[in-house]
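S.K.: Before we start, here is the structure in question, set down as structure tokens.
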Amino acid sequence: MSSIAVCPGSFDPVTLGHLDIVTRGSKVFDKVIVSVLNNRTKQPMFTVEERIDLLKEVTKDLPNVEVDYFDGLLIDYVKQKQANAIIKGLRAVSDFEYELQMASINRKLDDEIETFFMMTNNQYSYLSSSIVKELAKYNASVSDLVPPVVEEALRKKKQHT
Ligand code: ADP
């Protein structure tokens with residue numbers, strides 16, 4: 001049986017922290033599906049389509065990585081994709097409580113699907129999409145936090161708002 005993992009998130013926009021988790025995950029699993037959560041309650045900066053395009057661009061050199069989106073329950077989506085694992089990144093203790101709750105609920109819903117946590121690369125432990133958007137808003141450099149295409153996309157977004 002091949003191992004397929006889903007890496008879910010908002011990716012609004014994708015950062016080098018996300019990319020690090022996806023790249024490392026792609027070395028362990030046969031296939032990684034990076035999936036954008038279409039969360040209608042949040043007000044995102046980038047549309048789902050824009051987030052998907054950026055993710056595709058930055059993962060184009062990883063042949064076993066696929067990009068998709070989902071709404072509804074993560075566990076239903078994971079089953080629909082015939083995946084058997086969920087990958088999440090952990091940045092700090094503050095991520096832990098929420099992730100423990102999610103992993104426990106997901107195990108209760110389907111104990112055949114395992115959640116794997118990967119510790120952030122130290123250099124990205126403070127990095128989140130929100131921080132990137134905040135910096136970009138005030139024209140601070142984000143060049144060592146996001147891939148160049150994302151930096152460009154942030155610049156364009158700013159011009160149009
Ligand atoms: P955020 O909006 O907080 O940046 P997402 O909801 O897009 O995050 O996160 C998707 C996944 O990526 C989550 O498992 C999250 O913990 C992980 N992640 C986000 N940023 C980092 C980072 N800098 N290092 C490691 N994992 C991260």
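The values are calculated or read from the model by the stated rules, or taken from the named source; none is laboratory data. Being a predicted model, the structure only gives us computed values, none of them experimental. When we count neighbours, we look across all protein chains shown, and the Cβ atoms used for this are built from the backbone with ideal geometry, even at glycine.
S.K.: Tell me whether the stretch 147-161 contains one or more residues that are closer than 20 Å to residue 6 by Cβ and not in a helix (DSSP H, G or I).
M.R.: So far as the stretch 147-161 goes, no, none of its residues is closer than 20 Å to residue 6 by Cβ and not in a helix (DSSP H, G or I).
S.K.: Would a scan of the stretch 70-86 turn up a residue that is out of contact with any helix residue (DSSP H, G or I) (no Cβ under 7 Å at 6 or more places or on another chain) and near the ligand (Cβ under 9 Å from one of its atoms)?
M.R.: Within the stretch 70-86 (the criterion being out of contact with any helix residue (DSSP H, G or I) (no Cβ under 7 Å at 6 or more places or on another chain) and near the ligand (Cβ under 9 Å from one of its atoms)), the answer is no, since none of the residues qualifies.
S.K.: State yes or no: is residue 52 near the ligand (Cβ under 10 Å from one of its atoms), among the aliphatic types (A, V, I, L, M) and out of contact with any Pro (no Cβ under 7 Å at 6 or more places or on another chain)?
M.R.: no
S.K.: Among residues belonging to the stretch 120-149 that are within 12 Å of the ligand (Cβ to nearest atom), touching a residue at least 24 places away in the same chain (Cβ under 8 Å) and among the β-branched types (Val, Ile, Thr), point out the one that is surrounded by the most Cβ atoms within 10 Å (Cβ to Cβ).
M.R.: 146
S.K.: Filter the stretch 3-44 down to the residues that are over 12 Å from the mean Cα position of the chain (by Cα) and at pLDDT 95 or above and list them by number.
M.R.: Correct list: 3, 4, 5, 24, 26, 27, 28, 29, 30, 31.
S.K.: Can you report the number of residues in the stretch 150-161 which are crowded, with 16+ Cβ neighbours inside 10 Å and out of contact with any Leu (no Cβ under 7 Å at 6 or more places or on another chain)?
M.R.: Residues flagged as crowded, with 16+ Cβ neighbours inside 10 Å and out of contact with any Leu (no Cβ under 7 Å at 6 or more places or on another chain) within the stretch 150-161 amount to 3.
S.K.: State whether the residues of the stretch 75-92 include one that is free of Cβ contacts under 8 Å to residues at least 24 places away in the same chain, exposed (fewer than 15 other Cβ atoms within 10 Å of the Cβ) and part of a loop (DSSP other than H, G, I, E, B).
M.R.: Checking the stretch 75-92: not a single residue is free of Cβ contacts under 8 Å to residues at least 24 places away in the same chain, exposed (fewer than 15 other Cβ atoms within 10 Å of the Cβ) and part of a loop (DSSP other than H, G, I, E, B).
S.K.: With respect to residue 14, is the statement that it is more than 10 Å from the ligand (Cβ to nearest atom), aliphatic (A, V, I, L, M) and either crowded, with 21+ Cβ neighbours inside 10 Å or farther than 24 Å from residue 72 by Cα (or both) true?
M.R.: So residue 14 does not fit the description; no.
S.K.: Looking only at the stretch 104-140, how many residues end up being in contact with a helix residue (DSSP H, G or I) (Cβ under 7 Å, 6 or more places away or on another chain), more than 22 Å from residue 11 (Cβ to Cβ) and not aliphatic (A, V, I, L, M)?
M.R.: So the answer is 1.
S.K.: Follow-up. Taking the stretch 114-143, which residues are hydroxyl-bearing (Ser, Thr, Tyr) and under 18 Å from the mean Cα position of the chain (by Cα)?
M.R.: Matches in the stretch 114-143: 115, 120, 124, 125, 126, 128, 129, 130.
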